[in-house]
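These notes concern the structure reproduced below.
What follows is calculated from the coordinates using simple rules that are stated; it is not laboratory data. If you're wondering where the values come from, they're calculated on a predicted model, not measured in any experiment. All Cβ positions, glycine included, derive from the backbone under ideal geometry; neighbour counts span all protein chains shown.
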Amino acid sequence: MRFISCLALTALGFGTARAEDAQQVHPEILYLGAGISHDALGAVGDELNPQSPQDYPDVSTTSWKAFVGVRPIDWFAIEADYFGNAASSATSFGIRSEGKAVTGYAVFLITSEKFDSLFKVGVDRYTLGSGGVGNGTESGSGFAAGVGWQWHFGRVGMRMEYDLERMGTTTGLRVVALSVLVNLL
C-alpha cells in the first residue's frame, strides 16, 4: 500500500511540474494589441450600386487594427478584432469608398517557446460606405479567416498576419498587419 501511495504522489508531482512548465511557456490568458495595416477592398461599387459600379474606387490604403483576446489553453484563443476605416478616394468627382469590420475569431495556435503560428476562423460584422456623388451604405455579416505568426518576449510580442473579411458579394477586405501585443494576465 505504501508503494502505491508513493507512486501516486510521484505521478502527481510529475503532472504538476509539467503544468508549471507549460504555464511558463505561455503564461498569457488575456492579451490586447494594435498595429498598422495595409487594407485592400475591391468591387465596392458592385455591392453599393450595381447599376453603376464604375463610380466607386477600390480601396488600397494604410490603416490600423486593434484586437483583444482570451487564451485559456496553450493552443486555442478567442479573439475580437476591429479593422479601422479603410478608405480610398477617386481623383474625379470626389467619390470616397470605405469599409470597416468587427470580427470574432476562434484562433488555433501551434506554439513553441518564443514563436507561434496561428490560424483564425470567424464571423465579421462589416459596414461598406461611400461619400460624394452616389452616397450609399451597406452593413452585414460575413465569413472571416486569417493566418499569422507571432513572437513573444515575456509579456510583449509582435504579430504579423493576413486576414480576409468577406463583405457582401465583394471580393472582401484583405488586410496585412504588423501589430504589437501585450499579455495582461
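Please rank 74, 124, fewest neighbouring Cβ atoms within 10 Å first, as an exposure proxy.
Arranged by neighbour count, lowest to highest, 74, 124 become 74, 124.
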Checklist outcome for this item: Here segment 60-69 yields Karplus 3J(HN,Hα) values (6.51, -1.76, 1.60; θ = phi - 60°; whole Hz; Gly and Pro given as x) of 8, 8, 8, 9, 8, 9, 9, 8, 9, x
Checklist entry - What residues qualify as long-range amide H neighbours of residue 167, i.e. H under 5 Å apart, gap of 5 or more or another chain, H built at 1.01 Å from N? => result 172, 173
